[in-house]
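The values are calculated or read from the model by the stated rules, or taken from the named source; none is laboratory data. Here the structure is a predicted model, which means the values were calculated and not measured. Note that each Cβ is placed from the backbone with ideal geometry, even for glycine, and that neighbours are counted across all protein chains shown.
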Amino acid sequence: MFSGKTEELIRRLKRAKIAQQRVEIFKPLTDTRYDEVKVVSHDANSILSTPINHSGQLLKLSEGVEVVGIDEAQFFDDDLPGHCTALANKGVRVIVAGLDMDYLGRPFGPMPNLLAISEYITKVHAICPHCGNLASHSYRLSKEGTRVVLGEKNHYEPRCRSCYQMGNILDLKTK
C-alpha cells in the first residue's frame, strides 16, 4: 500500500492513450473507496474505468481494445490469470496493479499466479514511516479479523520487514 501502484498504472494507461491506442481500464466493483467508477490513486490522480464483479467479464468488455488496465487485482477471482492470458494471446497488452501480499504477509488472491505468468514485473515499494527503509508489507492498524478491509491510512501502514515483525510481536503481547 502507498507505493504508487495505481499511480504507475494510470501513468502507463494515459501514455497508451496519448499514443492513440484503444484502452480499457477495469477495477473490482467492490472498490468504492475514492470513486464508484474511476480508478483513483492516493495522490488523487484518476482515470475513468469500468467496475466489474468477475474477471470473466474482461474478454467481452475488451473487444477491439489494444491495452487493458486492471487495478486492485488482488480483489478479483482466481480466474483472472487465465483471462489475462487469453487477452495477451489475442495481442492485447495487459497491465495489472495489485498487492502481492495481504496484511498477514500471505500471497493475496490471484496475484501469485499473475506474477508467475507475467512477462514483465515492476515491484514498487512505499517507505516505512518508522525507519525510512523500503516497505514491503501492509501493516493493519485496525483490529478487524477479516482478510479484506477496504481502507487507507486509517486502516493500513506501509512497513519494512523489521518494523512489520516488531508490530506483530507488540500486537501479540497486548492480546
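Tabulated values for the structure
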| read-out | value |
| --- | --- |
| Where a residue in region 10-39 is in contact (Cβ under 8 Å) with a residue 12 or more places away in the chain and polar (S, T, N, Q) and its partner, wherever it lies, is crowded, with 16+ Cβ neighbours inside 10 Å and in a loop (DSSP other than H, G, I, E, B), with Cβ under 9 Å and at least six apart | 21/65; 30/72 |
| Region 98-125, subset of a type in the set (Asp, Glu) and crowded, with 16+ Cβ neighbours inside 10 Å, residue nearest to the chain's Cα centre (by Cα) | 100 |
| Tally of residues being among the aromatic types (Phe, Trp, Tyr) and part of a strand (DSSP E or B) across region 111-159 | 2 |
| Conditions (1) touching a residue at least 12 places away in the same chain (Cβ under 8 Å); (2) of a type outside the set (Asp, Glu); (3) exposed (fewer than 15 other Cβ atoms within 10 Å of the Cβ): number failed by residue 90 | (1) |
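Quick grid of which residues meet (1) in the same structural domain as residue 147 (by TED's automatic domain parsing); (2) more than 30 Å from residue 154 (Cα to Cα); (3) touching a His at 6+ places or on another chain (Cβ under 7 Å); (4) loosely packed, with under 14 Cβ neighbours inside 10 Å:
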residue	(1), (2), (3), (4)
12	no, no, no, no
19	no, yes, no, yes
31	no, no, no, no
37	no, no, no, yes
58	no, yes, yes, no
64	no, yes, no, yes
72	no, no, no, no
